[in-house]
Amino acid sequence: MRILAIETSCDETGISILEAKGNTIKVLANELSSQVNLHREFGGVYPALAKREHIKNLPILLEKVLKKTKLDKKEKPVDMIAVTVGPGLEPALWTGIVFAQELGKKWGVPIQPVNHMEGHILSPFGKVKGSFKITKVKQPALSLLVSGGHTELVLLKQNGKYEIIGETLDDAAGEAFDKVARMLALPYPGGPEISRLAEIERKIKQENIFKFPRPMLKNPTFDFSYSGLKTSVLYTIQKIKNLDQKTKALIALEFENAVIETLVYKTKKATEKYKVKTLIVGGGVANNKHLRRTLKKEIKNTTILFPEKDLTTDNSVMIGIAGYTNFVKNKGKVPRPNTLKAEGNLRLK
Ligand code: KG4
Ligand code: ZN
């Protein structure tokens, strides 16, 4: 079956057309329009602006994928539409949902609602181009989801359901990267920039004059917290008279070390407690080199799956994968299109 997948939960508009058969999926066309440059001015995502951009971009990207696949003259170009319904920014989510509803009606095809986080969990199986297989992972499996909006440890249960065993009590890891970058007057999104500075500094191997807390390490749960760490960085910066490049880099290094240490510590504890055989890492922060390196070093006897670089951040291929998987699982039973609604705080279950 052919699937049109739509993603508009945050600041990326994504549309792709996938061809799925059995457990094999082929990407026929994949388009992404990032609003990162627009939101840079605000140092974060500005919901009203995101909504306006999605509305502008959706028809443009749709035309591109239909032309590319030569399906533009067909009355019914796809058999199903998969669309993100949450979690995310509600005004942004609604743009994708309404667009899907209009197309579903025009083409007479069902709409499969998708949880954006399930998309991230399935992203390591995907590719931005060509075909790939959705394979069964060795159970028990655990997913570490680290993005701008979420920091979660999710158990994948035998029955196909999910259980969130730990999550951030305040800021998400990516959000902390973005906020600290802003304090250091580094561009948005902050993660890649902080990581770039930290990687250079880490190679020099010297004593760091900065020391930040490792929040929640002594807390017995699998939860995280990053707002205290962020405040600690803020107080440190406020005391510095000359925030030169070297100082910024040392702060970036110590901050990154603190975030990654806590992420890896809790993830490792969870893999031990649940005897995890497969660890799936997803979300924008899954790009972080220090995170990848430290997870591989600390967690042995567990297969660790990471997505391709372009599938770590938001995209519609992962939404198509999650949509197809659910469509098959539910034997094509989907909710009535007019009952679909954006759920900013939608949780995995
Ligand atoms: O998954 P994503 O595209 O959006 C959400 O669904 O939130 O993740 C974006 C987040 C941003 O906060 C960004 O700073 C962070 O991922 N990020 C990184 C890196 N690359 C992206 N954080 C740390 N290190 C990186 N290399
Ligand atoms: Zn995301």
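The values are calculated or read from the model by the stated rules, or taken from the named source; none is laboratory data. As the structure is a computational prediction, the values presented were derived from the model and not from experiment. Here the Cβ is made from the backbone with ideal geometry for all residues, glycine too, and neighbour counts use every protein chain on show.
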For the subset of the range 158-172 comprising residues that are in a loop (DSSP other than H, G, I, E, B) and closer than 22 Å to residue 228 by Cβ, which member is farthest from ligand 1 (Cβ to nearest atom)?
169
Might you let me know whether the range 185-198 holds any residue that is part of a loop (DSSP other than H, G, I, E, B), within 16 Å of ligand 1 (Cβ to nearest atom) and over 22 Å from the mean Cα position of the chain (by Cα)?
yes
Give the residues of the range 77-92 that are part of a loop (DSSP other than H, G, I, E, B) and among the aliphatic types (A, V, I, L, M), sorted by residue number.
78, 89
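Do the conditions hold for residue 279, that is, is it outside any loop (DSSP other than H, G, I, E, B), over 23 Å from residue 61 (Cβ atoms) and within 14 Å of ligand 1 (Cβ to nearest atom)?
The answer is no for residue 279.
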How many residues are more than 16 Å from ligand 1 (Cβ to nearest atom) and assigned to a loop (DSSP other than H, G, I, E, B) if we restrict to the range 18-40?
2
For the range 207-250, give me each residue that is touching a residue at least 60 places away in the same chain (Cβ under 8 Å) and either of a type outside the set (Phe, Trp, Tyr) or closer than 16 Å to residue 197 by Cα (or both).
248
Which condition breaks for residue 348 when tested against (1) touching a residue at least 40 places away in the same chain (Cβ under 8 Å); (2) within 30 Å of residue 58 (Cα to Cα); (3) more than 17 Å from the chain's Cα centre (by Cα); (4) not in a helix (DSSP H, G or I)?
(3)
Residue 148 within 10 Å of ligand 1 (Cβ to nearest atom), among the small types (Gly, Ala, Ser), modelled with pLDDT under 95 and not in a helix (DSSP H, G or I)
yes
Conditions (1) more than 22 Å from residue 88 (Cα to Cα); (2) in a helix (DSSP H, G or I); (3) touching a strand residue (DSSP E or B) at 6+ places or on another chain (Cβ under 7 Å) -> residue 324 fails only (1)
Name the single residue that is nearest to ligand 1 (Cβ to nearest atom) among those in the range 1-17 being part of a strand (DSSP E or B) and among the hydroxyl-bearing types (Ser, Thr, Tyr).
13
Among residues of the range 83-120 being under 20 Å from residue 34 (Cβ atoms) and of a type in the set (Phe, Trp, Tyr), the residue farthest from ligand 2 (Cβ to nearest atom) is 99
What tally of residues in the range 93-135 results from selecting those that are more than 16 Å from ligand 1 (Cβ to nearest atom), closer than 24 Å to residue 334 by Cβ and in a loop (DSSP other than H, G, I, E, B)?
4
Subset tally (residues that are out of contact with any Ser or Thr (no Cβ under 7 Å at 6 or more places or on another chain) and either more than 10 Å from ligand 2 (Cβ to nearest atom) or assigned to a helix (DSSP H, G or I) (or both)) for the range 311-321:
1
Pairs please, first residue from the range 147-166 and in contact (Cβ under 8 Å) with a residue 60 or more places away in the chain and farther than 19 Å from residue 259 by Cα, second anywhere and basic (Lys, Arg) and within 16 Å of ligand 1 (Cβ to nearest atom), Cβ atoms under 7 Å, 6+ apart in sequence or on different chains.
164/347
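Yes/no matrix, rows are residues, columns are (1) at pLDDT 95 or above; (2) surrounded by fewer than 18 Cβ atoms within 10 Å (Cβ to Cβ):
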site	(1), (2)
4	yes, no
8	yes, no
11	no, no
23	yes, yes
43	no, no
63	yes, yes
